[in-house]
Amino acid sequence: MDKEYAQYLLNKTKEDYNLIAEDFSRTRKNIWAELDMFKDCVQDGDRVLDAGCGNGRLLDLLKDKKIDYIGIDFSNKLVELAKKKYPDDKFLNADTLNLPFPDNNFDKVFSIAVLHTIPSVELREKALLELKRVLKPKGVLLLIVWDIWRLKNAFSIFKKFLLKLFSGSKLDFKDVFVSWADKTNRYYHFFTSRELNKLVRKIGFEIISKGIVQSKDKSRSNLYIIAKKPL
């Protein structure tokens, strides 16, 4: 993807999430139940970074843990909402691509439904390198992206790709815009499991566990990776 267009999409994504922040937060009051699998990965005493924290709802999953938590999001509107909802916790308006933390600083880093909003291979690699940088040696990354490649969606996605191909779109393969009501169209990259695994390994993480996690009714499906930063 052209660097200027990727930067345009980054700016647009920030504007989009500021625009829909109230609605976005209201429809995401509770942490997804299927993310309970991550709870035992966090231990008392851990320093935890929630990179792309939104309204801070990950804290509901970790409320019984005695941890040093900080949440960051590039949407200042979502950070404001997180601060109102969790006034006793720490939140910063910051960008995953340029984290304001020293090297080897966190025991655990969460990236929940964030990586697929970052345009271009280069910038997604940069984001993961930043997450790796701030993790302590043997620190753990807990990563979630949308799993969209289910049969009912595959044809629609392929059709959109063909339309983009013939219209001279600047988007990469598996990039799409997804509408939010009538307010905006949000950028997303739809990962395959193989692609995500390859990317995480390329950055130098050791994958501990990977797979698909779904809601009970299977209406929501996500790819997950639990990975360790080596010594």
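Some notes on this structure:
- If you filter the stretch 182-217 down to residues that are of a type in the set (D, E, K, R) and in contact with a Lys or Arg (Cβ under 9 Å, 6 or more places away or on another chain), you find that the one that is surrounded by the most Cβ atoms within 10 Å (Cβ to Cβ) is Arg186.
- Residue count for the stretch 81-110 under the criterion of being in contact (Cβ under 8 Å) with a residue 40 or more places away in the chain and of a type in the set (Asp, Glu): the result is 1.
- Number of the condition not met by Met1 [criteria: (1) free of Cβ contacts under 8 Å to residues at least 24 places away in the same chain; (2) surrounded by fewer than 19 Cβ atoms within 10 Å (Cβ to Cβ); (3) among the hydrophobic types (A, V, I, L, M, F, W, C)]: (1)
- Contacts under 6 angstrom Cβ, first residue in the stretch 198-210 being in contact (Cβ under 8 Å) with a residue 24 or more places away in the chain and within 14 Å of Glu130 (Cβ to Cβ), partner of a type in the set (A, V, I, L, M) and assigned to a helix (DSSP H, G or I), 6 or more apart: Ile203/Leu128; Ile203/Leu129
- Among the residues making up the stretch 181-231, a single one is in a helix (DSSP H, G or I) and of a type in the set (Ser, Thr, Tyr): Ser193.
- Residue list for the stretch 16-73, restricted to those being closer than 19 Å to Lys138 by Cα, buried (at least 19 other Cβ atoms within 10 Å of the Cβ) and among the charged types (D, E, K, R): Asp46, Asp50
Yes or no, residue by residue, for (1) farther than 26 Å from Lys183 by Cα; (2) of a type in the set (A, V, I, L, M); (3) over 16 Å from the mean Cα position of the chain (by Cα):
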| residue | (1), (2), (3) |
| --- | --- |
| Met1 | no, yes, yes |
| Lys29 | no, no, yes |
| Lys39 | yes, no, yes |
| Lys66 | yes, no, yes |
| Asp73 | no, no, no |
| Lys85 | no, no, yes |
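- Pairs where the first residue, in the stretch 4-29, is touching a residue at least 24 places away in the same chain (Cβ under 8 Å) and the second is among the aromatic types (Phe, Trp, Tyr) and outside any helix (DSSP H, G or I), C-beta under 6 Å, 6+ apart: Leu9/Tyr187; Thr13/Tyr187; Lys14/Phe74; Ile20/Trp180
- Matching residues, the stretch 134-152, being at pLDDT 70 or above and out of contact with any helix residue (DSSP H, G or I) (no Cβ under 8 Å at 6 or more places or on another chain): Val134, Leu135, Lys136, Pro137, Lys138, Gly139
- Residue in the stretch 153-172 that is in a helix (DSSP H, G or I) and modelled with pLDDT of 95 or more present: no
- Residue among Gly52, Gly56 that is in contact with a Phe, Trp or Tyr (Cβ under 6 Å, 6 or more places away or on another chain) and not charged (D, E, K, R): Gly56
The values are calculated or read from the model by the stated rules, or taken from the named source; none is laboratory data. Not measured: the values here are computed from a predicted model. Glycine gets a Cβ as well: all are built from the backbone with ideal geometry, and neighbour counts include every protein chain shown.
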